[in-house]
Amino acid sequence: MAGLRSAAEYQAQLMALLPSGPAWDPETVPELKVVLAGISQELARIDARAFDLINEMDPGSVSELVPDWEAVMGLPDPCLGDNPTFEDRRLAVRQRLLAVGGQSRAYFIEIAIRQGYPESSITEHRAPRFGRARFGSAHFGTWTAQFMWTLDSGPRRRLGRRFGASFWGERFGTNPSGALECVIRRSAPAHTLEFIKYGVEK
């Protein structure tokens, strides 16, 4: 790892910093090498842990401090269920830090893509109005139709845990649909009524 010193490098550095004189001559006092070897191991360990701390400051590489990041950001996300996987928790930390929100179609399509629906699309419903609706193509509906929109998820990737493709402790048959509905409805504008149309799993 770049920037990290090994125990051997620390020992060589400590040896070079020894005062002159027979009392500090490793050949005359061989126990000195043993003492410096022990100190070098600890210095190398501290150096490595300091490097780990730098990585933990970035949500993209965080590992040990995921619970601390979650405490600051109001996570784990209840939309992920009671027992989200560690990778989902780490991804949620990064997304929560970088999220800016939005109310555009692209924003909600991106949410669906992150939940495993890469071919999502959105249809915004319009209330037909006299002079703007074409005869025969639409019927006159209620005023609230203009506040309705439908997320067509398209085919879903297989995100459920499967034998041979999961690790010990993961739950089989996880269905991400609940998470998609939770995230979409939590983020949707309060005055709208959203519907989700699910496609066939790939």
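The values are calculated or read from the model by the stated rules, or taken from the named source; none is laboratory data. Bear in mind that the values here come from a model prediction, so they are computed numbers and not experimental data. Ideal geometry is used to build each Cβ from the backbone, glycine not excepted, and the neighbour counts take in all protein chains shown.
General remarks:
- Region 74-111, residues that are within 21 Å of ALA188 (Cβ to Cβ), outside any loop (DSSP other than H, G, I, E, B) and under 15 Å from the mean Cα position of the chain (by Cα): PRO78, CYS79, LEU80, ALA92, GLN95, ARG96, LEU98, GLU110, ILE111
- The C-beta contact set for region 22-49 (first residue closer than 18 Å to LEU4 by Cβ and of a type outside the set (Phe, Trp, Tyr), second residue part of a loop (DSSP other than H, G, I, E, B) and modelled with pLDDT of 90 or more, distance under 7 angstrom, 6+ apart or interchain) comprises ALA44/ARG5; ALA44/SER6; ASP47/ARG5.
- Options GLY21, GLY3: the member that is surrounded by fewer than 16 Cβ atoms within 10 Å (Cβ to Cβ) and under 26 Å from ARG94 (Cα atoms): GLY3
- Top-ranked residue of region 186-200 - restricted to ones that are surrounded by 13 or more Cβ atoms within 10 Å (Cβ to Cβ) and out of contact with any helix residue (DSSP H, G or I) (no Cβ under 7 Å at 6 or more places or on another chain), ranked as modelled with the highest pLDDT: ALA188
- Residue count for region 1-56, restricted to those that are in a loop (DSSP other than H, G, I, E, B) and of a type in the set (S, T, N, Q): 3.
- Selection of first residues in region 71-89 that are outside the structural domain of ILE111 (by TED's automatic domain parsing) and more than 17 Å from VAL183 (Cα to Cα) and of second residues that are modelled with pLDDT of 85 or more and assigned to a loop (DSSP other than H, G, I, E, B), restricted to Cβ pairs under 8 Å at least 6 apart or on distinct chains, gives an empty result.
- Selection status of TYR107, of a type in the set (Ser, Thr, Tyr), over 30 Å from ASN55 (Cα atoms) and at pLDDT 80 or above: no
- A single member of VAL35, VAL93 is in contact with a helix residue (DSSP H, G or I) (Cβ under 7 Å, 6 or more places away or on another chain), at pLDDT 85 or above and surrounded by 11 or more Cβ atoms within 10 Å (Cβ to Cβ), and it is VAL93.
- Among the residues examined, GLU119 does not qualify as closer than 25 Å to PRO84 by Cα, modelled with pLDDT under 55 and part of a loop (DSSP other than H, G, I, E, B).
- Number of residues in region 63-86 that are closer than 21 Å to GLN115 by Cα and in contact with a helix residue (DSSP H, G or I) (Cβ under 9 Å, 6 or more places away or on another chain): the value is 13.
- For region 42-65, a residue qualifies if it is of a type in the set (Gly, Ala, Ser) and surrounded by 11 or more Cβ atoms within 10 Å (Cβ to Cβ), and the qualifying residues are ALA44, ALA48, ALA50, GLY60, SER61.
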